[in-house]
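Below is one structure, written out as C-alpha cells; comments come after it.
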C-alpha cells in the first residue's frame, strides 16, 4: 500500500510532474525543429498546458532551455557514474571514455552540445561551449589526468593540454564521422564506444600494472571529478526546484493572462 510521507506536498508533486512533462516536450521539439524554430507556444500546445503555465515555472524561453540542458547533463553524469561503479576497471581512462561515450549517445541533446550542432542548438551552441562550467570540467579532467600520469598509468611525453585535446578529439571525432559513413560501415553504439576507448587506450595509457595504492588514489580522484561535474550540472536545477513552492501560491487562472 502506498503511504504518503509526512512532508509530502501533493501540489508540489504535481508541479514537478508538470515541469518534467514540459521539459520532455521541449526536448522532443528542439531535437525535431531546432532551438530557433521552437517557441513557447509550440511547447505549451504539445504539453497540453497554457503558455502562462510554462511562465510559472520559467521566466523566459531561454531559462526553460537552460533548465532542459542542465537536466540532460545531470542525467548523463549520473549514468556515467552508475556504469563506472558496475565496471571492475571503471577507474581507468579507457573505461571512463567508453562509459562517457555510451551515456552521451543515449542523450541526443548532449551529443548535439558536444558537436556544437547549430541546427539543433542555434545560439545556445556558443553559450554552452563558453561557460565557466565547461572550463571547470576541462580543468577537473586535467587534474584527473595529472594523477594518472603521476601513477605511471598515462604517458608523460605529451603535455596535459595535448592529452586533453586527444581525449576531446576521440569523443567528438567519432560522432562527426558517423553520419558520413556508408551504411555498411555504421557501427552499433557499443562498438563505437569500444573503438573510442581503444583509441584513447592505445594513444595515452601505458598499460602498466596498478598497485593497490594507485588504484585507490585514481578511484578517489575520479570520484571527485565526477561529483564536481555533477554538482556543476545540478546547480541551476536546484535553484529551479526551490522556486517550485512559489508556484503553489499563484492563481492558476492568471496563467492565461501571460
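Out of every Cα pair in region 54-144, what percent are spaced more than 17 Å from each other?
On the way: 2342 of 4095 pairs.
Result for the distance tail: 57 percent.
Restricted to Cα atoms, region 162-207 shows a radius of gyration and a Dmax of 11.5, 35 angstrom. Sorted from longest to shortest, the spans of the Cα atoms of region 11-252 along the three principal axes equal 64, 43, 30 Å. Label-to-label distance for residue 158 and residue 191 is 2.5 nm, based on points extended 7 Å past Cα in the beta-carbon direction.
Within 10 Å, count the other beta carbons around each residue, average over each peptide in 62-68, 219-225, and list them highest first. Don't jump to the answer; show the numbers that get you there.
Values: 62-68: 18.7, 219-225: 16.3.
Answer by packing, highest mean first, reads 62-68, 219-225.
What FRET efficiency comes out for residue 202 versus residue 177 if R0 is 22 angstrom and r is the Cβ-Cβ distance? Round to the nearest 0.05. Efficiency at R0 = 22 Å is approximately 0.80. Mean sequence separation of contacting Cα pairs (under 8 Å, at least six apart), scaled by the length of region 11-252, corresponds to a relative contact order of 29 percent.
Averaging 1/r over every pair of different alpha carbons in region 134-195 and inverting the result gives a Kirkwood radius of 13.5 Å. Taking every alpha-carbon pair under 8 Å whose residues sit at least 6 apart, region 15-110 reaches a relative contact order of 25 percent.
Using a simple spin-label model with pseudo-atoms 7 Å out from Cα toward Cβ, residue 61 and residue 212 lie 6.0 nm apart.
Bear in mind that the values in this text are calculations on the coordinates, not laboratory data. Keep in mind that what you see is a predicted model, and the values were worked out from it rather than measured. As a convention, Cβ positions derive from the backbone with ideal geometry for all residues, glycine included, and neighbour counts pool all protein chains shown.
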